[in-house]
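To keep things clear, I will list the structure first and then write my remarks on it.
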Amino acid sequence: MLDRGEALSVRELGAALGLRSPASVVYHLQNLERSGALVRDGRNGNTCRLTR
């Protein structure tokens with residue numbers, strides 16, 4: 001985000017983490033959000049920030 005000025009897409013994040021399915025990325029993001037480790041900001045939830 002610091003380099004590009006925008007958050008990675010779900011597909012880009014998955015590729016960076018070695019996950020093939022966008023659904024896997026969404027699943028993990030939702031778990032992080034539920035546990036309070038991640039907060040989604042912005043209109044469409046693309047921007048995320050870690051809380052811990």
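For region 16-29, filtering for residues that are open to solvent by less than 80 Å² (accessible area, probe 1.4 Å) and part of a helix (DSSP H, G or I) leaves 7.
Note on region 1-15: among residues that are open to solvent by 60 Å² or more (accessible area, probe 1.4 Å) and within 19 Å of T51 (Cβ to Cβ), the one that is modelled with the highest pLDDT is L8. Applying a threshold of 9 Å to beta carbon distances and a minimum spacing of six or more residues, or different chains, the list of pairs starting in region 27-40 at a residue that is of a type in the set (F, W, Y) and ending at one that is exposed (fewer than 15 other Cβ atoms within 10 Å of the Cβ) and outside any helix (DSSP H, G or I) reads Y27/S21.
The values are calculated or read from the model by the stated rules, or taken from the named source; none is laboratory data. Every value quoted in this text rests on a predicted model; they were computed, and no experiment measured them. Reconstructed Cβ throughout: ideal geometry from the backbone, glycine too, with neighbour counts over all protein chains shown. When the accessible area is computed, the model is the full protein with side chains, heavy atoms only, and any ligands, DNA or RNA have been set aside. Shrake-Rupley method; radii C 1.70, N 1.55, O 1.52, S 1.80 Å.
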